[in-house]
1. Of the conditions (1) under 26 Å from residue 370 (Cβ atoms); (2) buried (at least 16 other Cβ atoms within 10 Å of the Cβ), residue 29 clears all except one; give me its number.
2. For the range 29-48, enumerate the residues that are without any contact (Cβ under 8 Å) to a residue 12 or more places away in the chain and either closer than 19 Å to residue 74 by Cβ or not acidic (Asp, Glu) (or both).
3. Out of (1) modelled with pLDDT under 95; (2) surrounded by 15 or more Cβ atoms within 10 Å (Cβ to Cβ), what's the single condition that is false for residue 326?
4. It is to be established whether one or more residues within the range 319-339 are in a loop (DSSP other than H, G, I, E, B) and assigned by TED's automatic domain parsing to the domain that holds residue 265.
5. Please work out which residue is surrounded by the most Cβ atoms within 10 Å (Cβ to Cβ), limiting yourself to the range 260-280 and to residues that are of a type in the set (Lys, Arg) and farther than 13 Å from residue 195 by Cβ.
6. For residues that are free of Cβ contacts under 8 Å to residues at least 60 places away in the same chain, surrounded by 15 or more Cβ atoms within 10 Å (Cβ to Cβ) and not in a loop (DSSP other than H, G, I, E, B), tally how many sit in the range 281-296.
7. Could you list, in sequence order, all residues of the range 19-60 that are under 17 Å from residue 354 (Cβ atoms), assigned to a loop (DSSP other than H, G, I, E, B) and either of a type in the set (Ser, Thr, Tyr) or out of contact with any Leu (no Cβ under 7 Å at 6 or more places or on another chain) (or both)?
Amino acid sequence: MSDRKIVILGLGMQGRAALYDVFHNTDAGRILVADNRPDVDDVVDEYSGGRVESLRIDAANESDLVAAMRGADVVVEALPGVMALSAGKAAAEMGVNIVSSMYYINPSEQDPRKVRVMEAEIDRLDKESKKRGITILTEFGLDPGIDLVLGARALSELDEVVEFHSYGAGLPELEVADNPLKYKFSWSAIGVMRAYLRPAWIIRRGRIVEVGARDMFAPENMHILEVDEIDSPLECYPNGNSVHYAKVFGLEGSVREMGRYGFRYPGHCAFWEKIARSGFLEEKSIAVGKTIVSPVAFTAALLESQDQFQYSDAERDIALVRVDVRGKKGRKRKRIVYQLIDRRDLKTGFTAMQRTVGFMMGLGARFILDGKLPTGVLSPMDVPYDWVVQGLESFGMKVTRKELAWDKG
């Protein structure tokens, strides 16, 4: 064992998967798990050899955060998304490398002034991290993460890009989608609920189209995707800001059709359109008798409390990320599809979502430990495609590539 130290910030579902990966795939002599969960010590006890230890912290407290990070060679940040940027800033100030699956710039923000403020903040963070000689690897999960790696690879194969369609989400295997929603939670219920009421931006016929938060599940905004490996058609709905990623990929002003989509089994979206329009997903608290409650928090808690919306130990989820890019190479029209499908590993118990997000963060931490990445604030597109694919294959995950006919000019 080496004297290197890895810190896992947050012991939720993704933090547990990242812990498993760095324990088994690095020689770090000290792995510190920082969280305030009551079961943190029980999880630590599952790992033998004295390499893993716990530290109880309040991640919202800056002094606790600094204490946890001190002396780390790399931090794997698996906290709620609202804490990601604060953790990144703390890491830069301390001169500590960090990897996160979260956004540092909110891609849904459309206020130009706020966007400029966020961009300036990230620019300062980038300069500080370079000055300190550290790496801050962001968005290194499934979506965002693997989708961006695959997207960059597909784009590199075309001279002209006309359409870019990206899909990323998780859902139960069809035979265990046995509740009224045909869905079970493989990540935070409140995170899912909040993602069900947010605006999206797509590009249609070269024009930016805003999809209102209450309209994301409307029939006119959905389409059906058929995937050979999944035994059901999938309803796809706009998810996030395609305009932001058009800029990231250098497609702004040139791509004619572009969208980022989530997906569910048929019937799911019609239900949630009604729920969204009925106010169940609103953040603003209301009074219920003498109790003040946020509708979205209540909705998430209600669903999360029921066993029918949770996976049993024998049930598997599916994670799918798919990038479908269409354009030209020379004078030849091409359609290139990159895809990754993963299912829960019943032997270890890790869900497909944990594997594609938590294991990805562990992989990023290993790249940093091995000195493979440059300094500064990085995105998944700054990591070579082959490194990511080889890492995924080491987990039993395979990326496929198909080249299909495309007749639309």
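The values are calculated or read from the model by the stated rules, or taken from the named source; none is laboratory data. Being a predicted model, the structure only gives us computed values, none of them experimental. Cβ sites come from the backbone with ideal geometry, for glycine too, and all protein chains shown count toward neighbours.
1. Here residue 29 clears every test but (2).
2. Those that are without any contact (Cβ under 8 Å) to a residue 12 or more places away in the chain and either closer than 19 Å to residue 74 by Cβ or not acidic (Asp, Glu) (or both): 38, 44, 48.
3. (1)
4. Of the residues in the range 319-339, the ones in a loop (DSSP other than H, G, I, E, B) are 330-331.
Imposing the further condition that a residue be assigned by TED's automatic domain parsing to the domain that holds residue 265 reduces the set to 330-331.
So far as the range 319-339 goes, yes, one or more of its residues are in a loop (DSSP other than H, G, I, E, B) and assigned by TED's automatic domain parsing to the domain that holds residue 265.
5. If we filter the range 260-280 for residues that are of a type in the set (Lys, Arg), which is where we start, we get 260, 264, 274, 277.
Now narrow it down to the ones that are farther than 13 Å from residue 195 by Cβ: 274, 277.
Details: 274: 10, 277: 14.
Filtering the range 260-280 for residues that are of a type in the set (Lys, Arg) and farther than 13 Å from residue 195 by Cβ, the one surrounded by the most Cβ atoms within 10 Å (Cβ to Cβ) comes out as 277.
6. Within the range 281-296, residues that are free of Cβ contacts under 8 Å to residues at least 60 places away in the same chain, surrounded by 15 or more Cβ atoms within 10 Å (Cβ to Cβ) and not in a loop (DSSP other than H, G, I, E, B) number 1.
7. 39, 46, 47, listed by residue number.
Condition check ((1) closer than 17 Å to residue 28 by Cβ; (2) surrounded by fewer than 20 Cβ atoms within 10 Å (Cβ to Cβ); (3) touching a Gly at 6+ places or on another chain (Cβ under 8 Å)) across all residues:
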site	(1), (2), (3)
365	yes, no, no
378	no, no, no
384	no, yes, no
397	no, no, no
